[in-house]
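These notes concern the structure reproduced below.
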Amino acid sequence: MNEQEAKKRIDLLKKKIKQLNYDYFVLDKSTVNESVRDSLKKELVELEKSYPKLITTDSPTQRVGSALSGKFKKIKHTTTKKSLSDVFSAEEIVSWHERIKKLVSDKIEFICEPKLDGLNITIHYNKGVFTKAITRGNGIEGEDVTHSAKTIEAIPLKLNEPIDLEISGEIFLPKKQFERINKEQKSKDQKLYANVRNLAAGAIRQLDPKIASERGLDVNFYEIGANSMDPGTQKDVLESFRKLGLPVEPNFHKTASIDDVVNFCKKWEKKRDSLPYEIDGIVIKVNNLSQQKKMGKTAKTPRYAVAYKFPAEQVTSKVLDIILQVGRTGAVTPVAVMKPTLVAGSVVSRATLHNEDEINKKDIRIGDTVILQKAGDVIPEVVESMKDLRTGKEKRFRFPNNCPVCDKPIERKEGFAAYRCENQSCPAKQKEEFSHFVSKKGFNIDGLGEKVVVQLLDSGLIQDFADVFLLKKIDLLNLELFKDKRADNMIISLKEASHIPIERFIFSLGIRLLGETSSYDFANYILNHKKKSEKHLEKIEKESDELTLFEEPENKSDQQKEDFSILDLIETVQSIKFEELENIDGVGEKVAAYIFEWFNDPANTELLEKFYKVGITLDTSNVGRTGKLTGRSFVITGTLKDMTRDQAKDFIKHNGGKVLSSVSKDLNYLVVGENAGSKLKKAEELGVKVINEEDLYKITA
Ligand code: IVH
């Protein structure tokens, strides 16, 4: 075969394989056996091997890219990716309709789409050719997962028309694949995967694209971004997707009646099990795109769509045992070990029983058959025990006197629900503290999971959090879990993690009751009252620099001169009086007491200084923001129309405003929603300006 003949054959093969993929993924029908498709692909591979010049980027053989060496590149989305507001009942669907009806003059048509439970993905096509795939990320920027998305056969590498297009959809794992993968895990005696969505998301975020290609991922598209097609309705969008070769969920339904929308939701609630993939609700959208545009968006969600979430799925399972877990703060929590059972897309083998009173109230015994429930992402819980099914062999659970981990006495103080282990050096507490420290909301160190933390602690390589940043490749190679590549990746992760948003740094310290939001509020306050540290800086500089991180300490000092450093943080927090602390919005008396105690403990100051010395720098770009609302204070009351109160708070903070919790004469604005009560009365008495949600958007516009 000469080159010209080879080219002809290659083109034919590519066309045929593309058509077979289309039949299979878009039309859901197999016209030939899968092995036929495979042998055509094999022939194409051989031909391309002999004529490498003829390989094009859209060839089906080019799906398997090469493994990446570092972490994923971050890419900014062209438009911010919003999420949907959830509704849970027919009444809420109807009241959403009532709200949006007022925003347009013409009659509204709806389109209902089964809501797949997977991973949101945005794909760009350039003149019809696949160019990049980006995860949703935080909505503003996502991760570049082009290399693994390319291996998903359901995503066409070339569209049927040479157009520019940006689309979003859901990558998901069909139930059949989930079962197959778990069967394989079982035969290899390896841990079973618990959750369809995480397995899909995990596959996409692998550096080695082979993993994504082996998992059998699928995709459906439902949203159009930048495009040159100008469709009139969402139905047009879905239909043109199909024509272009892009798979869509086939059960979508168009209707002009809100009752019909409700019926559609109820119908799929019953029929969801018949689908070959997990759905967790129905997305209800306004069909007409110009109506959608008129209705607009709020800070986080569009007004033109809502997600109806199916109610918590309930199943029965058996309590095999009740064990105790010791948390970061020493709380001893009873946990039911369950017979592994599939609930709402994940296998549940443990469920928290909260505390002693809860076990007694529900009368849960070892051996009981119980009702388990899980709604969406919510932690599984035991609803009730089925007492009629008892045989008499069930055993009541009694709390022991001693900690199950360190064997020191545990105690339940009066007025508290939990037993607590007060032993400061209880290994269970230490392990939990570290896990919290490296967790996503804290330092977010990739590859530093619980197992590694345990090994690092056991081997004595780390004693405190800051030690993590002194780890060298050679230290890691001595551990059982690390080979060359993994150790390299960990060092990269540590380096990246060493510049951390201040609010996450504060959260990572594990100060009791200081959650994600209060850490943000506290960080904001700190930045607005910042003090430059002279005293501490002198002290530290005098000390020898026996602790050096990575190779370029010069970078560290440059960065820290500009930024707000950890030493400034110590100085600032120590200058804040207790009374000021408890008045910070979002903090309150109890948290203030724990913050005060933490920052005034010399051992903790030492730890903070060590963080500074090992090169941790603070990123302050998310807090202390200035914007249209800078210098103005707000209190929110009543039920808002489009945002939850937390969303409204974030919106105000994001624009530089201050959110307070009570009305006084110094307050600038009271933002009112429905059913506002005493705060509204007080504001009117004091002459404080009262505004609604729309006014708030207007001030920031
Ligand atoms: S539309 C502006 N349609 O559900 C938001 N989302 O919170 C556009 N999802 O992040 C989303 N099926 O990952 C839309 N037919 C569908 C969907 C869908 C699943 C996911 C998506 C989104 C989340 C909504």
TODO: Output ³J(HN,Hα) for the stretch 359-366: one whole-Hz value per residue in order, computed from phi by the Karplus curve 6.51 cos²θ - 1.76 cosθ + 1.60 with θ = phi - 60°, and x for Gly and Pro.
DONE: 4, 5, 4, 8, 6, 9, 10, 5
TODO: Could you pull out the longest piece of the chain with no exposed loop GluC sites (Glu not before Pro) in it, calling a site exposed if DSSP puts it outside H, G, I, E, B and it has at most 16 other Cβ atoms within 10 Å?
DONE: 1-413
Open item on the list: Test of the criteria: in the stretch 125-206, which trypsin sites (Lys or Arg not before Pro) are in a DSSP loop and have at most 13 other Cβ atoms within 10 angstrom of their Cβ?
Closed with: K127, K188, K191
Open item on the list: Rounding to the nearest 10 and keeping the result within 0 to 90°, find how far the Cα-based axis of helix 516-528 lies from the longest principal axis of the chain.
Closed with: 60 degrees
- [ ] Using DSSP to define loop residues, name the trypsin sites (Lys or Arg not before Pro) in the stretch 355-409 whose beta-carbon has at most 16 other beta-carbon atoms within 10 Å.
- [x] R390, K393, R396, R398
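For the chain, what's the relative contact order in percent, using C-alpha pairs closer than 8 Å and at least 6 residues apart? If you can, show how the numbers build up before the last one.
Numbers: 1195 pairs, mean separation 60.7, N = 701.
Value for the chain: 9 percent.
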- [ ] Kindly identify the stretch 599-685 as rounded, prolate or oblate by the Cα gyration tensor criterion: order the square roots of the eigenvalues as a ≥ b ≥ c, call it rounded if a/c is under 1.5, otherwise compare a/b with b/c, prolate if a/b is larger, else oblate.
- [x] prolate
TODO: Give a residue-ordered list of calculated ³J(HN,Hα) values for the stretch 419-430 (Karplus: 6.51 cos²θ - 1.76 cosθ + 1.60, θ = phi - 60°; whole Hz; x for Gly, Pro).
DONE: 7, 9, 9, 8, 5, 4, 9, 4, x, 5, 5, 4
TODO: For the stretch 658-675, just list the computed ³J(HN,Hα) in residue order, Karplus coefficients 6.51, -1.76 and 1.60, θ = phi - 60°, integers in Hz, with x standing in for Gly and Pro.
DONE: 10, 10, 10, 9, 9, 7, 9, 5, 7, 5, 7, 9, 10, 8, 10, x, 5, 6
- [ ] Any chance you could give the angle, 0 to 90 degrees and rounded to 10, that helix 175-187 forms with the longest Cα principal axis of the chain?
- [x] 70 degrees
TODO: Using only alpha carbon pairs under 8 Å that are at least six residues apart, calculate the relative contact order of the stretch 62-192 and give it in whole percent.
DONE: 30 percent
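Specify whether the C-alpha gyration tensor of the chain places it in the rounded, prolate or oblate class, a ≥ b ≥ c being the square roots of the eigenvalues: rounded for a/c under 1.5, otherwise prolate if a/b is larger than b/c and oblate if not. Numbers along the way, then the final one.
Details: a/c = 1.39, a/b = 1.27, b/c = 1.09.
Rounded, since a/c falls under 1.5.
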- [ ] Compute the Cα gyration tensor for the stretch 132-285, then decide on rounded, prolate or oblate, letting a ≥ b ≥ c be the square roots of its eigenvalues: rounded whenever a/c is under 1.5, prolate when a/b is larger than b/c in the other cases, and oblate in all that remain.
- [x] oblate
Open item on the list: For the chain, take the longest principal axis of its alpha carbons; what is the angle in degrees between that and the long axis of helix 34-50, to the nearest 10 within 0 to 90?
Closed with: 90 degrees
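Counting Lys +1, Arg +1, Asp -1, Glu -1, what net charge surrounds A466 among other residues with beta carbon under 11 Å of its beta carbon? Spell out each step's value before the answer.
On the way: positive: K610, K613; negative: D464, D467, E606, E609.
Net of charged neighbours comes to -2.
None of the figures in this text is laboratory data; all of them are computed from the coordinates on show. No experiment lies behind these values; they were computed from the predicted model shown. Reconstructed Cβ throughout: ideal geometry from the backbone, glycine too, with neighbour counts over all protein chains shown.
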